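Take a look at the structure set out below.
No lab work stands behind these numbers, since they all come straight from the coordinates. Quantities reported herein were computed from a predicted structural model and do not represent experimental measurements. Cβ placement follows ideal geometry from the backbone for every residue including glycine, while neighbour counts extend to all protein chains displayed.
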Amino acid sequence: MFENVKRTLRRSIARESLDFGDPEFLVQAELEALRDDERTIGPAGDARTKGEFRGNVFAGLSLREQLSLLPLIVGNFREMKRSYRGLDHTPTRDTIEEDELETLEARADELGVDSIGYTVVDREDILEDDVTDRSVLYQHAIVFSCPMDPEAVGEAPGYDTLETVNETYLDTGVVANKLADFLKERGFGAQADPGLGGKTNFPTLADRAGIGEYGRHGMIMTSENGITQRLGAVYTNIENLPTDSGERDDWVWEFCQQCGKCIRDCPADAIRVEPERTEGDNLSFYDRDACSEYFGANNGCAVCMSACPFNRVGYEALERNISSRSSDARETVSQTPRDDSGDASMRQVADLSSDLRTTTDREEIAAILEDLGRKPDNWAEFGTAFVASDVWGYSEVHIARGDDPEPHAPVVTLVR
């Protein structure tokens with residue numbers, strides 16, 4: 001195996017492009033055997049196609065940086081290879097006791113898992129591949145997240161971010177394999193799926209399992225780590241896993257709809273303003289080709305993660321802010337009429353805080369509206385903007401009609 005690993009690394013560093021499917025040649029035989037196993041569940045005809053990131057992520061690194069990454073890359077290859085061991089195991093149980101589940105979750109916590117949940121795998125969740133389609137042995141899934149270093153993510157794109165990405169991928173591999181071993185030792189069927197080279201659409205499983213919510217960049221945000229984590233899974237035959245995900249944090253998607261910072265900051269203009277529906281009613285949040293090209297040339301990029309307020313500000317801080325603003329907004333809307341556009345409340349200039357920045361520059365106002373994801377032509381008669389800003393951009397913008405609005409003149413209020 002390690003001769004193959006070294007050969008892959010030499011080729012990856014030397015060649016002009018690194019296809020992220022390359023590491024899987026190490027397990028190509030296992031993939032094909034798994035696909036041909038009569039027990040396996042393969043992708044549906046309208047399943048999502050497995051993406052491939054092209055480009056040489058080593059190109060911009062010094063020799064020292066390249067060498068320092070090698071142990072992480074070898075470790076990821078090792079855990080990927082390990083995930084195929086014991087797939088011929090014959091389970092003797094398919095129901096887990098409550099105390100056993102608690103022990104499983106405690107073990108996951110010991111291994112560094114921050115979020116864990118349970119769901120059922122649909123065939124549409126299993127990824128298709130141009131070479132070998134993915135396959136899973138069991139329909140039930142344990143989905144988990146491992147934390148990344150938010151400070152290193154904040155340096156994207158660059159070596160520090162690339163390093164923490166590889167470190168966390170390795171963490172998911174270790175966790176997936178150890179949890180699978182834990183279950184098999186107790187008579188259950190289990191198949192590990194590390195974050196690198198996954199067989200299913202992890203964000204979809206994580207969303208359904210209730211451990212996080214989608215953002216506009218297509219990644220999952222969790223209450224424990226915001227956007228800074230990587231996902232992994234263990235597929236199992238356990239039929240009584242608690243798949244009820246409970247309450248959802250719907251405010252996350254609402255916040256993302258108002259924010260859009262990942263879209264504006266993406267250097268490749270790859271993130272879609274609105275996700276597109278693809279095969280099997282799947283959602284495509286970004287242009288894979290545009291992302292892939294920049295990704296490969298810029299150390300694995302991750303600018304969308306760095307820019308995201310869930311990394312810069314934090315999940316709990318954003319939730320508190322949104323909750324307080326929602327209460328204020330409900331009170332304001334209940335006491336005032338709505339604008340003709342139907343998506344902004346009406347307030348009076350005299351009600352506004354005196355410390356708001358004021359501008360009558362139409363180009364600046366148009367830019368502010370565009371930054372908020374609004375079309376300026378919706379408010380063709382605007383004349384004055386009253387602007388409050390905070391750490392993630394414009395938090396509150398009041399647009400008045402007329403260049404010199406009288407007190408109590410109506411304004412359009414936009415709140416991020």
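Quote the FRET efficiency, to the nearest 0.05, computed for ARG35 versus ALA367 with a Förster distance R0 of 45 Å and r equal to the Cβ-Cβ distance. Display every interim value, and only then the final one.
Numbers: r = 52 Å, r/R0 = 1.15.
It comes out at approximately 0.30.
Please order TYR118, TYR84 by the number of other Cβ within 10 Å, starting at the fewest.
Values: TYR118 22, TYR84 16.
The most exposed by this proxy come first: TYR84, TYR118.
What do the square roots of 5 times the Cα gyration tensor eigenvalues come to for the stretch 116-167, in whole Å, largest first, as semi-axes of the equivalent ellipsoid? Could you put the intermediate results ahead of the total?
Values: eigenvalues 186, 56, 12 Å².
Value: 30, 17, 8 Å, ordered largest first.
How big is the shadow of the Cα convex hull of the stretch 85-216, averaged over all directions, in nm²? Numbers along the way, then the final one.
Working: hull surface 37.6 nm².
Answer in nm², one decimal: 9.4.
For a test of understanding, tell me how many lysine pairs in the stretch 2-312 have Cα atoms under 17 Å apart, given they are 8 or more places apart or on different chains. Don't skip to the answer; put the middle values down first.
Working: LYS6/LYS81; LYS50/LYS199; LYS81/LYS178; LYS81/LYS199.
Step by step, the pairs that qualify in the stretch 2-312 add up to 4.
Once you place label points 7 Å from the Cα toward the Cβ at GLU274 and GLU316, how far apart are they in nm?
About 3.7 nm, to one decimal.
With 17 Å as the cut-off, how large is the P(r) tail for the stretch 198-276, expressed as percent of Cα-Cα pairs? Kindly include the intermediate steps, with their values, before the conclusion.
Numbers: 1634 of 3081 pairs.
So the portion of pairs separated by more than 17 Å is 53 percent.
Return P(r) of the stretch 142-198 (all Cα-Cα pairs; 10 Å bins starting at 0; whole %; ordered from short to long distances).
Calculated over all Cα pairs of the stretch 142-198, the distribution is 24, 40, 24, 10, 2 percent.
Would you kindly compute the Cα radius of gyration of the stretch 262-302 and its largest Cα-Cα separation (Dmax), both in Å?
Taking only Cα atoms of the stretch 262-302, I get Rg and Dmax of 11.0, 32 Å.
Quick one: if you stick a label point 7 Å off each Cα along the C-beta vector at LEU111 and TRP251, how many nm between them?
Using points 7 Å along Cα→Cβ, the separation is 3.3 nm.
If you wrap the stretch 28-95's Cα atoms in a convex hull and average its projection over all directions, what's the area in nm²?
Working: hull surface 31.2 nm².
Mean projected area of the Cα convex hull: 7.8 nm².
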